[in-house]
């Protein structure tokens with residue numbers, strides 16, 4: 001017969017065993033390497049996001065570029081980045097080394113970014129943006145593979161959620177710095193002059209240089225132990241199952257609906273938001289990205305990746321439909337804040353799902369293919385958005401994107417089968 005004290009002790013032990021760790025305790029358990037990678041992303045994104053909200057203003061007002069030219073610049077830049085992610089990810093698998101590809105990518109971006117301030121036409125901006133995105137292309141897939149290598153299966157969602165939150169935290173800090181610089185350096189509140197843009201873009205290089213320093217001295221190389229009988233994957237889709245391939249096709253379709261966020265900034269300007277407030281709007285948008293990313297990755301570990309991705313894509317479609325009809329400054333602010341939630345439900349979760357769908361020795365190549373999937377459509381997405389904007393107006397352009405987003409969500413729900421035993425705690 002069991003004594004009352006023994007029975008009480010047994011129930012307490014069982015309760016402790018079944019207790020779900022708090023969100024904070026789960027973040028505390030993340031490896032230091034994940035934290036270091038997150039800090040690098042925070043600093044680099046702070047640098048780029050000082051520039052990014054001001055770039056459409058610089059191009060359209062300062063250099064007289066059209067919406068089509070803006071779409072061409074952003075589309076080609078992101079396509080260049082995505083193509084290089086495939087090769088960089090494959091090389092990191094091939095040689096078993098990831099860190100120095102990551103460091104090199106951040107270093108290249110930090111060197112070329114300040115030259116935006118000296119551009120005299122949109123073609124020069126295109127060349128500089130291409131070089132900047134080469135750096136992103138070199139670092140992204142190996143960096144994502146480093147995160148997946150560092151954590152256990154049950155930590156993947158929260159690890160990628162943490163990384164995206166740190167990245168977006170930099171995107172909160174960057175626009176706030178940009179707003180301060182515009183207020184301090186721009187004598188004309190309607191738009192900075194060419195010389196004022198130059199000073200702002202040069203100052204934006206400082207956090208990027210700090211990011212390179214942290215990457216060199218605090219990130220640690222990750223090693224994947226693979227059995228000698230396992231062959232290193234080739235640079236192709238062979239060796240990946242049909243489930244992963246279907247996921248890539250659907251991601252490519254969704255990305256065709258997802259043009260550059262520069263068009264959202266143009267829409268904000270059309271709806272009455274002043275140039276001086278654009279950096280603050282962008283910072284607020286990224287603030288919701290931070291909060292939603294912190295919770296989104298953790299929810300995917302508990303509830304499943306596909307459910308959150310489908311929900312996020314539908315929310316994206318709703319927001320884009322809202323941008324088609326928005327006509328007030330308050331409406332723009334509301335849409336930008338809700339749009340940030342979409343990123344928290346999708347960005348880190350998609351990357352965690354990639355790791356779920358492939359073997360460890362395939363991760364670098366898989367992340368390269370994942371980035372290629374939206375890289376092949378990100379250029380036509382931005383170019384078409386700009387062309388439809390110039391032809392039929394912004395409302396039509398945003399509505400077409402919304403319809404495509406809903407279609408992709410339905411296809412993901414029907415045709416991709418994640419492996420639940422790999423993503424539950």
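Here residue 117 meets each of (1) surrounded by 19 or more Cβ atoms within 10 Å (Cβ to Cβ); (2) under 30 Å from residue 354 (Cα atoms) with one exception, condition (2).
Just one of the listed residues (103, 112) is under 19 Å from the mean Cα position of the chain (by Cα), surrounded by 14 or more Cβ atoms within 10 Å (Cβ to Cβ) and either at pLDDT below 85 or within 27 Å of residue 139 (Cβ to Cβ) (or both), and it is 103. Being within 24 Å of the chain's Cα centre (by Cα), at pLDDT 85 or above and buried (at least 16 other Cβ atoms within 10 Å of the Cβ): is that true of residue 171 here? Criteria not met by residue 171.
Here residue 228 passes the criteria (1) at pLDDT below 75; (2) closer than 27 Å to residue 335 by Cβ except the one numbered (2).
Within segment 272-305, the set of residues being farther than 20 Å from residue 169 by Cα and over 18 Å from the mean Cα position of the chain (by Cα) comprises 272, 273, 274, 275, 276, 301, 302, 303, 304. The residues on offer are 159, 165, 148, and the sole one that is closer than 21 Å to residue 260 by Cα, buried (at least 24 other Cβ atoms within 10 Å of the Cβ), in contact with a helix residue (DSSP H, G or I) (Cβ under 7 Å, 6 or more places away or on another chain) and in contact (Cβ under 8 Å) with a residue 60 or more places away in the chain is 165. Within 23 Å of residue 260 (Cβ to Cβ) and not in a loop (DSSP other than H, G, I, E, B): is that true of residue 133 in this structure? Criteria met by residue 133.
Residue 320 meets all of the listed conditions (1) surrounded by fewer than 24 Cβ atoms within 10 Å (Cβ to Cβ); (2) at pLDDT 95 or above but one, namely (1). Any residue at all in segment 147-156 that's closer than 20 Å to residue 346 by Cα, modelled with pLDDT under 85, over 16 Å from the mean Cα position of the chain (by Cα) and assigned to a helix (DSSP H, G or I)? Yes, the conditions are met somewhere in segment 147-156.
The residues listed here are 81, 92; of these, the one that is surrounded by 24 or more Cβ atoms within 10 Å (Cβ to Cβ), within 19 Å of the chain's Cα centre (by Cα) and modelled with pLDDT under 90 is 81.
So which residues in segment 338-370 are over 19 Å from residue 162 (Cα atoms) and either modelled with pLDDT of 95 or more or in contact with a strand residue (DSSP E or B) (Cβ under 7 Å, 6 or more places away or on another chain) (or both), if there are any at all? Of everything in segment 338-370, just one residue is over 19 Å from residue 162 (Cα atoms) and either modelled with pLDDT of 95 or more or in contact with a strand residue (DSSP E or B) (Cβ under 7 Å, 6 or more places away or on another chain) (or both), namely 338. Could you list, in sequence order, the residues of segment 256-271 that are modelled with pLDDT of 90 or more and within 20 Å of residue 168 (Cβ to Cβ)? The answer is 263, 264, 265, 268.
Residue-by-condition table, conditions (1) within 25 Å of residue 157 (Cα to Cα); (2) at pLDDT 95 or above:
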position	(1), (2)
273	no, no
276	no, no
282	no, no
290	yes, no
299	yes, no
303	yes, no
306	yes, no
316	yes, yes
324	no, yes
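The values are calculated or read from the model by the stated rules, or taken from the named source; none is laboratory data. Keep in mind the model is a prediction, meaning the values are calculated, not measured. Cβ sites come from the backbone with ideal geometry, for glycine too, and all protein chains shown count toward neighbours.
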